[in-house]
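Working notes, structure below.
The values are calculated or read from the model by the stated rules, or taken from the named source; none is laboratory data. The model shown is predicted, which means the values in this text are computed figures rather than measured ones. Cβ placement follows ideal geometry from the backbone for every residue including glycine, while neighbour counts extend to all protein chains displayed. Keep in mind that these areas ignore ligands, DNA and RNA; they rest on the heavy atoms of the full protein, side chains included. Shrake-Rupley method; radii C 1.70, N 1.55, O 1.52, S 1.80 Å.
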2 protein chains.
Amino acid sequence: MSNLTQEVTQLHADICSALADPRRILLLYALAEKPYTVNDLAKYLDISQPMTSRHLKILRERGLVVATRDGINVEYSLNDHRLIDALDLLREVLRDRIVSRANLIVELK
Amino acid sequence: MSNLTQEVTQLHADICSALADPRRILLLYALAEKPYTVNDLAKYLDISQPMTSRHLKILRERGLVVATRDGINVEYSLNDHRLIDALDLLREVLRDRIVSRANLIVELK
DNA sequence: TAAACATATTTACTTATGCGTATATATCAA
DNA sequence: TTGATATATACGCATAAGTAAATATGTTTA
C-alpha cells in the first residue's frame, strides 16, 4: 500500500472519528437545517456552552463545518451537505440491522 | 429529544466509531471485493493475526460484517454494501476538502 | 488421542477521549 | 476604559480504546 493511500485512509478515519459521538451527529443534523450560533446550538441540543464549542472545534478542525464571526456571535454552518447524505446512509444500514436483529429474536423464541 | 432518538443516535455514533480506524476501513474495503478469511486479510493488509481478529470483532459486534465458519477457517463478509457507499461518500467529501485547501494555499502565496 | 493449523482472547500497559469547572479571549456599546 | 455578552480554552480527573505478546480455543487430520 502506498504512503498516499495510507495518509488518505488516515484522514478518512479521522472524519469517521469526528462523527463518532452522538452530540456531534446532532450538531451536524442541526446545521443541516440552517446555520446556527454556538449558543443557539447549545440551547437547541441542551449541551453546555463549553461542550458545544469543543465539539464544534473538532468538526471544524476536520473541515466538516465552517465558522464565520458575525459581530459578537460565531455562526457555524455545514461545509458539505454530502456529509448528511453519508450519515443518512449509515442510519439506513443501522435501521435494517435493528430490524434484522428483531427478526432474529422472533426466530429464537 | 426522545429517548428513542437518543438511543438511535448513540447507535449511529457507534457505527461511526467502528469506522474510526484506518485498518478497519481497509478491512471493509477488502471485504467489499469478496469474502476473506482472517489469515488472508491479515496477509493482504499486513496486519498481525490477533490485530486482524480484534478489529474484525469490533466490526462484527456492530453488525457491519458477518463471520461464517468454513472448516478450520472463518470467512468474513460485508453485511451491507451501502456501508461502502457511505464510506465512498465520505471519501469524496474528504477529497474535495483537500482540493479546496490546496486552492487556499495557492491563494495565499 | 496427538499434532498442526486457524482463530480468538487475555493480560498488562500506554494513549486518547470526554467531562465539569473555571477562566481566558473577543466584540461591542456606553 | 469599563461592563456585558458570546465564544474558546485550560486543568484535573475518569474512562475508553489501542497495542504487543502470550496463550487459549476450536477444528481437522494423522
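State, as an integer percentage, the relative contact order of chain B based on alpha-carbon contacts under 8 Å between residues 6 or more apart.
Working: 77 pairs, mean separation 25.2, N = 109.
So the answer I get is 23 percent.
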- [ ] In whole Hz, with x marking every Gly and Pro, tabulate ³J(HN,Hα) for the range A:72-79 from phi via Karplus 6.51 cos²θ - 1.76 cosθ + 1.60, θ = phi - 60°.
- [x] 7, 9, 10, 9, 9, 9, 6, 7
Open item on the list: Quick one: the Cα spread of the range A:1-104 along its three principal axes, in angstroms, biggest first?
Closed with: 51, 42, 22
Task: Using alpha-carbon coordinates, inclination of helix A:82-108 to the longest axis of chain A, degrees - done: 30
Task: chain A: most fluctuating residue of A:Leu31, A:Leu45, A:Leu83 per GNM, C-alpha cutoff 10 Å - done: A:Leu45
Task: Reach of A:Lys57 by Cα under 14 Å, taken over aspartates and glutamates that are not fewer than 8 positions away in the same chain - done: A:Asp14, A:Asp21, A:Glu75
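When Cβ neighbours within 10 Å are restricted to other protein chains, what is their mean count per residue of peptide A:5-15?
Working: counts 2, 2, 2, 6, 7, 3, 7, 12, 9, 3, 9.
Per residue, the average neighbour count from other chains is 6.
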TODO: Run the 1.4 Å probe and let me know the accessible area of A:Ser53, rounded to the nearest 10 Å².
DONE: 40
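For B:Glu7 and B:Ser77, calculate 0.36 nm times their separation in residues minus their Cα-Cα distance, and state this gained length in nm to one decimal.
Working: separation 70, 0.36 × 70 = 25.20 nm, distance 2.68 nm.
Between B:Glu7 and B:Ser77, full extension yields 22.5 nm more.
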Task: Estimated distance in nm for a label pair at B:Asp96 and A:Thr37, the labels positioned 7 Å out from Cα along Cα-to-Cβ - done: 2.9
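Give me the dipole magnitude in Debye, nearest 20, for the range A:39-102 about the Cα centre, with unit charges on the beta carbon: positive for Lys and Arg, negative for Asp and Glu. Could the numbers behind the result be given before it?
Values: 11 positive and 10 negative charges, 58 e Å.
Using only the charged Cβ atoms, the result is roughly 280 debye.
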TODO: Please identify, among B:Val66, B:Val99, B:Val38, the residue showing maximal mean-square fluctuation in a Gaussian network model of chain B using a 10 angstrom Cα cutoff.
DONE: B:Val99
Task: Sequence-distant residues sharing a close amide H with B:Glu75 (under 5 Å, placed H) - done: B:Thr68, B:Arg69, B:Asp70
Open item on the list: I'd like the orientation of helix B:49-61 relative to chain B: the angle between its Cα long axis and the longest Cα principal axis, in ° from 0 to 90, rounded to 10.
Closed with: 80
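Can you give the Kirkwood hydrodynamic radius of the protein assembly as shown from its Cα pairs, in Å with one decimal? Walk me through the intermediate numbers first.
Working: mean 1/r = 0.0532 Å⁻¹.
Its Kirkwood hydrodynamic radius stands at 18.8 Å.
Please work out the average accessible area per residue across the range A:10-66, using the 1.4 Å probe convention, and give it in Å².
Details: 2520 Å² over 57 residues.
Ligands and nucleic acids excluded, the figure is 44 Å² per residue.
Kirkwood hydrodynamic radius of the range A:38-86 from all distinct Cα pairs, in Å?
On the way: mean 1/r = 0.0882 Å⁻¹.
One over the average 1/r among Cα pairs gives 11.3 Å for the range A:38-86.
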Task: Positive-end residue of B:Leu26, B:Val38, B:Thr9, charge dipole of the range B:3-108 with Cβ unit charges - done: B:Val38
TODO: Would you calculate, for chain A, the mean residue ellipticity at 222 nm contributed by helices, counting each DSSP H stretch of 4 or more residues as -39,500 (n - 2.57) and dividing by all residues, to the nearest 500?
DONE: -23000 deg cm²/dmol
Task: Mean-position separation - Cα centroids, the range B:21-42 and the range B:49-97, in angstrom - done: 6
Task: Estimated distance in nm for a label pair at B:Arg54 and B:Asp88, the labels positioned 7 Å out from Cα along Cα-to-Cβ - done: 3.2
